[in-house]
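The values are calculated or read from the model by the stated rules, or taken from the named source; none is laboratory data. Since the model is a prediction, treat every value here as computed from it, not as a measurement. A quick note on method: Cβ atoms are made from the backbone with ideal geometry, for glycine too, and the neighbour counts reach across all protein chains shown. Quick note on the areas: whole protein, heavy atoms, side chains included, nothing else; ligands and nucleic acids left out. Shrake-Rupley method; radii C 1.70, N 1.55, O 1.52, S 1.80 Å.
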Amino acid sequence: MAFMKKYLPPILVFFLAYHYYSANEEFRPEMLQGKKVIVTGASKGIGEQMAYHLAKMGAHVVVTARSKETLKKVVSHCLELGAASAHYIAGSMENVTFTEQFVAQAGKLMGGLDMLILNHITNTSMNLFSGDIHLVRRSMEVNFLSYVVLSVAALPMLKQSNGSIVVVSSKAGKMASPLVAPYSASKFALDGFFSSVRMEHTVTKVNVSITLCILGLINTDTAIKAVTGILNIDASPKEECALEIIKGGALRQEEVYYDNSVWTELLLGNPGRKILEFLFLRSYSLDKFINN
């Protein structure tokens, strides 16, 4: 109890101050000028809009998705908007070989990498979970494991550039959500893995930021089709959502919340968790890992 009285107030002040100042740091589009960025799941929806925003900011962009013809159109429009360069590499994130090789190919096209934006998901629908293990496995492989593979492949280049990893997640990865159990499981996994790796980067002085983006319902065609007649809430615009994700990555924020409710960040941001993580980290003896 004496420990809590002595240390909890200053810790609370520290975290509140950190959140306030990091959230109010000014974003400038020129932060992305000339930067080399990968965007996955970029043939439509939020990923497509991110590619266009990056192009307007003068970034080098490599986009990927399954549809070669759609990606060609995205790349063409990126060049029209002012991208420093724009390329596509078509493939499926269900293909482990493609996932392992994609980042290296993109890095060669751009001559390096500054930001990796992981945005793709496997197709899913809203249904009660009926024991479909194949759907759970596919959701975990595409929505989670491929993110890990891509981030591991990108890390050497990102270390050289002091770059950023941006992980697009969902409210379903922070709170229980019916009808999307496999999807929700994959999004919770993203939080657990990338938040833990972020902590390891801090301890070992790896200057590669990790931003987790927690999104509500966005007005993409895929999302609206999935929730029609099931979920009665307003969707937020994909164009603005895409820009907020890019801003969060450029400002190296730990988390970005984008939703139509002002309560989402307040209730899901969970300062109690961050304080507990801070205190728990002090219990570790990490010298032998840091020295290696």
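Just to be sure I understand: with springs between alpha-carbon atoms less than 10 Å apart, which residue in Lys36, Lys174, Lys187 has the highest mean-square fluctuation in the Gaussian network model of the chain?
Residue with maximal mean-square fluctuation among Lys36, Lys174, Lys187: Lys174.
Provide the net charge surrounding Gly112, with neighbours chosen by a C-beta distance below 13 Å and charges set as Lys +1, Arg +1, Asp -1, Glu -1.
With Lys, Arg at +1 and Asp, Glu at -1, the neighbours total +3.
Return the tail of the calculated pair distribution for the range 166-292, meaning the percent of Cα-Cα pairs more than 19 Å apart.
Value for the range 166-292: 55 percent of Cα pairs lie more than 19 Å apart.
How high is the relative contact order of the chain? Use alpha-carbon pairs under 8 Å, at least six apart in sequence, and give a whole percent.
17
What accessible surface, in Å², does a 1.4 Å probe find on Lys73, ignoring ligands, DNA and RNA and rounding to the nearest 10?
150
Considering all projection directions equally, how large on average is the shadow of the alpha-carbon convex hull of the range 101-149, in square nanometres?
For the range 101-149, averaging the hull's shadow over all directions gives 4.3 nm².
Provide the per residue accessible area, probe 1.4 Å, for the chain, rounded to a whole number of square angstrom.
I get 53 Å² per residue for the chain.
Please list, or write none, the aspartates and glutamates whose alpha carbon is within less than 16 Å of the alpha carbon of Lys171, excluding same-chain residues fewer than 8 places away.
Output for Lys171: Asp191, Asp234, Glu244, Glu254, Glu255, Asp259, Glu265.
Of the accessible area of the range 79-168, with the probe set at 1.4 angstrom, what percent is carbon plus sulfur?
The nonpolar share, carbon plus sulfur, comes to 55 percent.
Please work out how much accessible surface Val136 shows to a 1.4 Å probe, ignoring ligands, DNA and RNA, in Å² rounded to 10.
For Val136, the solvent-accessible surface is approximately 40 Å².
Using only the Cα atoms of the range 67-216, what do you get for the radius of gyration and for Dmax, in Å?
That works out to 16.4, 48 Å for Rg and Dmax.
Using DSSP to define loop residues, name the GluC sites (Glu not before Pro) in the range 78-186 whose beta-carbon has at most 16 other beta-carbon atoms within 10 Å.
When the GluC sites (Glu not before Pro) of the range 78-186 are filtered for loop state and at most 16 Cβ neighbours within 10 Å, Glu94 remain.
Once ligands and nucleic acids are excluded and a 1.4 Å probe is used, how much of Ser67 is accessible, expressed in Å² to the nearest 10?
In the full protein context, Ser67 sits at about 40 Å².
Using the Cα centre of the chain as origin and beta-carbon charges of +1 (Lys, Arg) and -1 (Asp, Glu), tell me which of Phe194, Val180, Pro237 is placed farthest towards the positive end of the dipole.
My answer, from the dipole projection, is Phe194.
If R0 is 25 Å, what FRET efficiency do you get for Lys159 and Leu79 from their C-beta distance, rounded to 0.05?
0.25
Compute and list, largest first, the equivalent-ellipsoid semi-axes of the chain from the alpha carbon gyration tensor, each √(5λ) rounded to a whole angstrom.
They are 30, 24, 20 Å, listed from largest to smallest.
Where the centroid of each part is defined by its Cα atoms, how far is the range 171-233 from the range 54-122 in Å?
What the calculation gives is 21 Å, centre to centre.
³J(HN,Hα) across the range 206-218 via Karplus (A = 6.51, B = -1.76, C = 1.60, θ = phi - 60°), whole Hz, x for Gly/Pro?
Taking θ as phi minus 60°, the curve returns 8, 8, 10, 7, 10, 10, 9, 9, 9, 10, x, 6, 10 Hz for the range 206-218.
First check a/c for the range 29-117, with a ≥ b ≥ c the square roots of the eigenvalues of its C-alpha gyration tensor; if it is under 1.5, answer rounded, and if not, answer prolate when a/b is larger than b/c or oblate otherwise.
oblate
Going down the list Lys35/Lys238; Lys108/Lys174; Lys68/Lys274; Lys68/Lys238, which pairs span over 30 Å between their C-alpha atoms?
Lys108/Lys174; Lys68/Lys274
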